[in-house]
Every structure is written in structure tokens, then in C-alpha cells.
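Written below as C-alpha cells is the structure these notes are about.
The values are calculated or read from the model by the stated rules, or taken from the named source; none is laboratory data. Please read all numbers here as calculations on a predicted model, not as lab measurements. Backbone-built Cβ (ideal geometry, glycine too); neighbour counts: all protein chains shown.
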Amino acid sequence: MATLAEVLTAPDLDLKLVTSSGIDPEIRWVSTTELTDPSPYLEGGEIVLTTGLSLTANDARWRDFVSSLSRAQAAAIGFAVGVNHAATPPALVEAAATYRVALFEVPPTTPFIAVSKAVADLVGNDELASARRALSTQRNILNQAFSAQGTPGVLARLAAATDSQAAVLRSDGSVESATPGMHVFDELLDAVKTLATDTTRAALGASNRDRAWLVHPLGLHGVAHRFLAIVGANPPTPAQQGAITAATIVLSLEDTRQRAELNSDFDRRERIASLLLRGETESAAAASAVLWPGAPLPNRVRVLVLQGHPELVDPFATEAALGVTATKLITRPETLDEHPFGEARSDVARLIIICDAANENETKRVIDLAKSYKLDVVIGRDVELARARISFSSAWAKIKELAELAVNTGISARKPKEIWVDQGSPLIEALSSVPYQDLRDSVLGPLADDDSETTALRETLKSFLSHNGQAGPAAASLGVHRNTLRHRLDRIEQLTGKSLHNADDRAELWIALRLLEQ
């Protein structure tokens, strides 16, 4: 920044200092005025040039003139002698000394435009030097992206360039990396939570007497799960903001690299999880031995099924995959093509996680993280590894009942559900090994097919049996007329060859439906 001393020593201006403010103020620009109160038109840091056209030498209003410039934080007053006044008015000199505003004389041979040009040159040269320093800083930050120091190196360079402390925070508020002495306070955590769910905001920040802080989301697409936080004594200057932008770009590229690694990692976990949930335990163990050597699968597991807004499920999956072990496997319902999931929905996304039942702390961490993303969580039964499909089915049955909770609800307004399923149906689970083809051939017939008509008929049959054969409540729960329900029940009897008036047939149909869900 250009200073008053540099202006006063500029060649060919012949400026003379009359009173000093006690410091060498920084100069932002020049303003020429004959107003007695120009303060409304100033931003601070200006040299105010005047000829004193409207005031006499001993006018008491010189004091008001100077006091208004002091309030506006003007840098200095330049008074032109030999125009309207032969010398600098004593009242002006006294007021400048009283209010500690620098005052200098501009001789008749120096036009105001010459002072303005000199200041413009000084400010321009300073801005050019600042830009060069900023580019050098940005280059140093970019170089850290390719050094062995990685993220810690980028943060260290950024902290030095901005005279601040810096950290990379995850969406759950935990610190991934930070400069020494960095303190994470509530305002930073609140900003992270807001940015984690609001993709319209590029950054959040605030400043007060104690500190200034700024939080930028990292990543080049989608919802961010990592954030750059900067805390300093003052808001960043334009040059420092350039350094912050460079660091944000570098760390976002690092975020993209991590995502690529996680996608590959996710594919491996998904492969093992899908095998377990299909009941192919031996194949899953063999795959785990190849993909995760030295990390055997757990003896007992709990299967968690999560659901929520599609924009939040993917970033949760990425966050959950950070630091996971071979005992926590992630997959999506779509990978289990043998399971009757029904029609896919654009407003609800689901995820399946297999946790080590013996590691309750890890399971709780996953649940808490999911709820921080506004996701519903159903925790399946604690079962032996070979019965992971049973734990999944127990959770899946409940998550389908919660599906409507994700509809017509704003992300921020959602109150996620946490449901533990620790009771099941032992008889149905004992029969869970009955092959699908047997269910189709001996009980359900074409009703076991997965098309739009049979799906609707199965839902009708389940509702009818769930309501103890009462047509009225069943029709109401399905949102159809009683006559429509009756026509559907006739069609079910026709396809299955079973009678809904026969207790044995009704029992077989119910168990077959439940086994199909298993």
C-alpha cells in the first residue's frame, strides 16, 4: 500500500508537511473538494485536496471540516496555497493538530492533477507488487500439492501467507489436518453443517473484534464432505484471498483424487457385501481374503439399511468409507438383483452397510454419521455371518415402512429415524432356505413374478392378510375401492389356485410372501 511519506517525497511535487498524525498513513486514493463536510463521500484512506474556497482564514468551521475528515478516516489533507489563501489558515493548522490529521501544503506550481497522478502511480506499483507476491504465494501453495507434505504442507503455506491458522474439516466436524494451535469452535462447525447440506453456498465467514474466519467447501462437484477453515485476527486482504482460492483449488483436486480411490475401494467392499447378502458366505470369505488380506470377516454381523435424500446418500457413503475396515462393507440394494425391491424411486436413495456386531462403538459411529446426513437408519438383527441375509431382511422390511418419510420433506427439516430390529420370525427364518422356484411352483405361481401387475397383487394380498381378511381396512390402506380389492383378490385366487377362505391356504400364502421378502 502507498504511504503519505512516499507521496510527500515524490519528485517534482514540492509538497511540504505542516502537521503530522504521528504515523505514516496508507493512501488509497485522492479526493478534491470544497465542501465543508465531505465525509459522506469518503471511504477512508484518501488524501483530501482543497483550496479553502468557502472558508476564511480564521473561520471556526475549519474545526468542523477537519473533525469530519477524522471521523471518515481520511489519510491526510492537502491544502493549495496561493489560490484562495496566501498561506495555510492558522485555524486549519490548529484543527489538524488537534484531531491528529496529517496536513501538507501544495505549492502554486503543483496542480492537484499532478498529486492525483503521483498517488495513482504509487498505488498501481504497489498493487502490481502485491499481485506478484500473491502469484508467488499461490505458486508455492500449488507446489505443495505435488510434494510429499501434501495437505499439511498446503495448510502451512496458506497459514504463513494469510497470517492465520488453517484446517481441513470433515462434515462430521472432525479434523483431518490442521496447523499447530488451530482451534475448532462452534461457529466453524455450524458453517460446516450448513455447507454440507446447501450446495448453493460457495463459502461462509464472519469477523468481529476477536477474530475473522472463513469456511470453503472442497471438491469440484456434488455435495462436499471436506472443508477448508481459516481463522485469523483480520479479514483476508485481496492478495490473501487469492492464496485462499489457490489452496481451495489444490485441496479440491486432492479431494477428487481421494474420491477416485474411494470409488475403487467402494467397489471392492460392494462385491463382498453383495455375496454375503445373497447367502454366498464362502465366496464372500474367499473374495475378502484376496481383496483384504489379513482382515478376516467378522463372526457376527448387523446389517444396517439407510435411506434419505439422494443428494445426501452419496456423500454419506464417501464419508463412511473414510477409514473403514474390512468388517464394514457397503453396497446398494440395486446390486442384489434377486431381491424383490420393487420400483426404484427418484426421491429416495438407500444404502446397505454390514457392521461387525461385536464392535458396538463402530456401529454407533456409523448410525450417528448417517443421522447427521438426515438419513433414516434401520439396524438389523445380530446374527452369525452366514445368516447376514436374515439380518438384512429384518431391516429391509422396516425401511420400506419408512419410505414415505423421505418424500415432500426439505433436507434441513428432516428428522431421521433410528430403529433397531431385534425381534424376528423364527419359523419364517428357519424356512428361509426354501428355493425361490419352489415358492413359485407350489404356492404363489405367477404371483411370484416381478412385473407391475403381480407387484400390485402381492401388495394387495399382504394388506388383506395383514388386516385379518377384512376388506374395508385393507382397501383403505391400499387407497382403492372395495370393488377393486375384490377383483384383485379374485385374480390372486385364479393365479395361485388357492382359496382365501381356506385357513391353510391363507397361511401358506402369508408364509410364501414373507419368504419372498427374506
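The conditions are (1) among the aliphatic types (A, V, I, L, M); (2) touching a Phe, Trp or Tyr at 6+ places or on another chain (Cβ under 8 Å); (3) modelled with pLDDT under 90, and Ile141 fails exactly one of them. Which is it?
So Ile141 meets the others, but not (2).
How do the pairs read when you match residues in segment 371-393 that are without any contact (Cβ under 8 Å) to a residue 60 or more places away in the chain with residues anywhere that are of a type in the set (Gly, Ala, Ser), using Cβ under 9 Å and keeping only pairs 6 or more apart or on different chains?
As it stands, the answer is Arg387/Gly279; Arg387/Ser432, since those pairs meet every condition given.
From (1) modelled with pLDDT of 75 or more; (2) of a type outside the set (Lys, Arg); (3) not assigned by TED's automatic domain parsing to the domain that holds His487, pick out the condition that doesn't hold for Leu431.
(1)
Name every residue in segment 207-222 that is at pLDDT 90 or above and of a type in the set (A, V, I, L, M), in order of residue number.
Hits for segment 207-222 are Ala212, Leu214, Val215.
Please specify each residue of segment 183-219 satisfying the condition of being over 19 Å from Gln241 (Cα atoms) and in a loop (DSSP other than H, G, I, E, B).
His183, Val184, Phe185, Asp198, Thr199, Thr200, Arg209, Asp210
All but one of (1) modelled with pLDDT of 85 or more; (2) out of contact with any strand residue (DSSP E or B) (no Cβ under 8 Å at 6 or more places or on another chain); (3) farther than 23 Å from Lys193 by Cα hold for His339; which doesn't?
(1)
Here is a check on your reading of the model: is Val48 free of Cβ contacts under 8 Å to residues at least 40 places away in the same chain, surrounded by 19 or more Cβ atoms within 10 Å (Cβ to Cβ), out of contact with any Cys (no Cβ under 9 Å at 6 or more places or on another chain) and not in a helix (DSSP H, G or I)?
It is true that Val48 is free of Cβ contacts under 8 Å to residues at least 40 places away in the same chain, surrounded by 19 or more Cβ atoms within 10 Å (Cβ to Cβ), out of contact with any Cys (no Cβ under 9 Å at 6 or more places or on another chain) and not in a helix (DSSP H, G or I).
Being more than 15 Å from Thr32 (Cα to Cα) and of a type in the set (Ser, Thr, Tyr) is the filter; apply it to segment 93-127 and report the residue that is surrounded by the most Cβ atoms within 10 Å (Cβ to Cβ).
Out of the qualifying residues, it is Tyr99.
Suppose we filter Glu34, Glu94 for residues that are in a helix (DSSP H, G or I), more than 49 Å from the chain's Cα centre (by Cα) and among the charged types (D, E, K, R); which single one remains?
Glu94
Scan segment 367-388 for residues that are in a helix (DSSP H, G or I) and surrounded by fewer than 24 Cβ atoms within 10 Å (Cβ to Cβ) and report the count. Don't jump to the end; show me each part of the working.
So the first thing to find is which residues in segment 367-388 are in a helix (DSSP H, G or I), and the list is 367-372, 385-388.
Retained after the next criterion (residues that are surrounded by fewer than 24 Cβ atoms within 10 Å (Cβ to Cβ)): 367-369, 371-372, 385-387.
Summing the residues that are in a helix (DSSP H, G or I) and surrounded by fewer than 24 Cβ atoms within 10 Å (Cβ to Cβ) in segment 367-388 gives 8.
Just to be sure before I move on: is Ser177 in the same structural domain as Thr237 (by TED's automatic domain parsing), surrounded by fewer than 20 Cβ atoms within 10 Å (Cβ to Cβ), touching a strand residue (DSSP E or B) at 6+ places or on another chain (Cβ under 9 Å) and modelled with pLDDT of 85 or more in the structure I sent?
Numbers: in the same structural domain as Thr237 (by TED's automatic domain parsing): yes; surrounded by fewer than 20 Cβ atoms within 10 Å (Cβ to Cβ): yes; touching a strand residue (DSSP E or B) at 6+ places or on another chain (Cβ under 9 Å): yes; modelled with pLDDT of 85 or more: yes.
Judged against the criteria, Ser177 is a match.
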